[in-house]
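Engineer: Sharing a structure below in structure tokens format, with a few things to ask.
Readers should treat all values here as calculations from the given coordinates under stated rules, not as data from a laboratory. Treat the numbers as computed from the prediction; the structure is a model and nothing was measured. As a convention, Cβ positions derive from the backbone with ideal geometry for all residues, glycine included, and neighbour counts pool all protein chains shown.
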Amino acid sequence: MAKSKRTAKALRVQHGVIASFPSDFFGYFSWPTVTLMPSGRLVVVASGFRNDSSCPFGRTVLCHSDDGGQKWTSPRVVNDSPLDDREAGIASLGENQLLLSWFSSDLRNSTDGGQWPLADAEQRERWNAGYAQIDSVSAADYAGAWMCLSEDGGARWGQPQRLMLTAPHGPISLQTNSLLLLGKYVSSAESFARGEGAVASMRSTDGGRSWALGGTVPLIPNTVEAQYSDPHCVELPDGTLLGLICFQGSPDGSPSGGRVTDCSLVQTRSENRGRQWSMPRPLGFHGTPPHLIHHSSGAIICTYGHRQEPYGQRAMVSYDGGNSWEYDLVLRDDGFDPDLGYPASVELPDRSILTVYYQRVDGVRDPCSLLWTRWILPEKNE
């Protein structure tokens, strides 16, 4: 197997803003996903109108652009449960059809929930009031992984449907006109909060209306399910599925006897459309979580957040189907703190790449905004 290598290739980039409300109490936006519709419209969904990365107020919002991402509509709420609605995914299913996915968390009993001693009195009062509106009935009704469909480009949405798996960027479309989701299994909100649940796949052959569970990704020896999260995958031209999963270290700092890097990516494959997955291979460098696309040049592109200094957004490229990677292509390295990332990308008609992500704009006291970077993939020998 070929060896991956760090690269320092210069990228031609342009940056912009999708949504930013720095002075608003509900001005925190995060975890976006982007898709390109057949009409040329770009659609971004995210968790928005929040107060922090974990709070009672998350809503699923949607923005769109009809000029290649230069200008965006104001965020519109398309889902708002009584819980914290997080990690929205979006997929274009052709014509005006869209599939939206998200995860709703009941954080009342977490370390940052309920009566968490926030320093700001107004923030503490509003958080506690928000959590007080959640009861056991609403938590049972809304907690977990969800999706819904739109037949008119996102203007209206159908009835939400529970999913067995969750992943930050939702499902992908396969060459067979089916859908596949590589995600974390959700048996209950409580077990998921503890990190329990294997990474597995499921597939839909009817546009997301029904799903069949596929294979489970095996664990690297001496690791546990709680160390694996935030998976994403891409289909290669021969039908192979290439998956990347975020791996985080154990509390004692010695995951897998030191054989896997903390806050890094591990890679798995399926040769049979998700029915079986290979033993994950550690890639051995910092970066999390992943989002994969297959570029028209034949390259596989993965964008990921860089939550070590210098903070920012990065990409890696494989020209051999994921056997080796050139990693740490810097999209930007001007982040103020580790609260950033979850980049997702799409190829535009001119072969440039649009990557969307969240990051603070002006300083650590500002809430996170939704931002974009448009960039050109370097030539292989450039």
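Engineer: Using all C-alpha to C-alpha distances in segment 147-293, build P(r) with 5 Å bins and read off the rounded percent in each one.
Structural biologist: Reading the bins upward from 0: 2, 10, 19, 22, 19, 14, 8, 4, 2, 1, 0.
Engineer: Determine, for each peptide in 297-305, 57-65, the mean count of other beta carbons within 10 angstrom over its residues, then list the peptides with the highest first.
Structural biologist: Those peptides, ordered most packed to least, come out 57-65, 297-305.
Engineer: Run the quick spin-label model on Asp337 and Glu190: label points 7 Å from Cα toward the beta carbon, then report their separation in nm to one decimal.
Structural biologist: With each label placed 7 Å out from Cα toward Cβ, I get 3.2 nm.
Engineer: Now a separate question. Using a simple spin-label model with points 7 Å from Cα along the Cα→Cβ vector, what separation in nm is obtained for Asp67 and Ser324?
Structural biologist: My value for the distance between the label points is 4.3 nm.
Engineer: How much FRET efficiency would the formula 1/(1 + (r/R0)^6) give for Val361 and Glu95, where r is the Cβ-Cβ distance and R0 is 35 Å, rounded to 0.05?
Structural biologist: On the way: r = 36 Å, r/R0 = 1.01.
So, using R0 = 35 Å, E works out to roughly 0.50.
Engineer: With +1 on each Lys and Arg Cβ and -1 on each Asp and Glu Cβ, how big is the dipole of segment 5-375 about its Cα centre, in debye rounded to the nearest 20? The partial results should precede the final answer.
Structural biologist: On the way: 31 positive and 40 negative charges, 154 e Å.
Using only the charged Cβ atoms, the result is roughly 740 debye.
Engineer: Starting from the Cα of Glu309, step 7 Å along the direction of its Cβ; do the same at Asn272; then give the gap between the two resulting points in nm.
Structural biologist: 5.0 nm
Engineer: Give me the log10 of I(q) over I(0) for segment 88-173 at q = 0.20 Å⁻¹, as the Debye formula computes it from C-alpha points; what are the numbers?
Structural biologist: Each listed q corresponds, in turn, to -0.91.
Engineer: Based on the Cβ-Cβ distance of Arg6 and Glu151, what FRET efficiency does E = 1/(1 + (r/R0)^6) give at R0 = 41 Å, to the nearest 0.05? Don't skip to the end; give the middle numbers.
Structural biologist: Values: r = 45 Å, r/R0 = 1.11.
Result of the calculation: an efficiency of 0.35.
Engineer: Give me the log10 of I(q) over I(0) for segment 323-372 at q = 0.13, 0.16, 0.19, 0.30 Å⁻¹, as the Debye formula computes it from C-alpha points; what are the numbers?
Structural biologist: -0.39, -0.56, -0.73, -1.18
Engineer: If each residue of separation counts as 0.36 nm, what is the full-extension length gain between Gln159 and Thr176 once their alpha-carbon separation is subtracted? Don't skip to the end; give the middle numbers.
Structural biologist: Numbers: separation 17, 0.36 × 17 = 6.12 nm, distance 2.56 nm.
The Gln159-Thr176 span can extend by a further 3.6 nm.
Engineer: How much net charge surrounds Leu213 when only other residues with a Cβ under 12 Å from its Cβ are counted (Lys, Arg +1; Asp, Glu -1)?
Structural biologist: On the way: positive: Arg203, Arg275; negative: none.
Neighbourhood net charge equals +2.
Engineer: Given 0.36 nm per residue, what is the gain on full extension from Arg351 to Arg281 after removing their alpha carbon distance, in nm?
Structural biologist: 22.2 nm
Engineer: If you don't mind, another one. Under the classification rounded if a/c is under 1.5, otherwise prolate if a/b is larger than b/c and oblate if not, where does segment 134-214 fall, given a ≥ b ≥ c as square roots of the Cα gyration tensor eigenvalues?
Structural biologist: Numbers: a/c = 2.54, a/b = 1.27, b/c = 2.00.
Oblate.
Engineer: Moving on to the next point. Determine the shape class of segment 240-351: with a ≥ b ≥ c the square roots of the Cα gyration tensor eigenvalues, call it rounded for a/c under 1.5, and otherwise prolate if a/b is greater than b/c, oblate otherwise.
Structural biologist: On the way: a/c = 2.17, a/b = 1.07, b/c = 2.03.
Oblate is the answer for segment 240-351, as a/c is 1.5 or above yet b/c matches or exceeds a/b.
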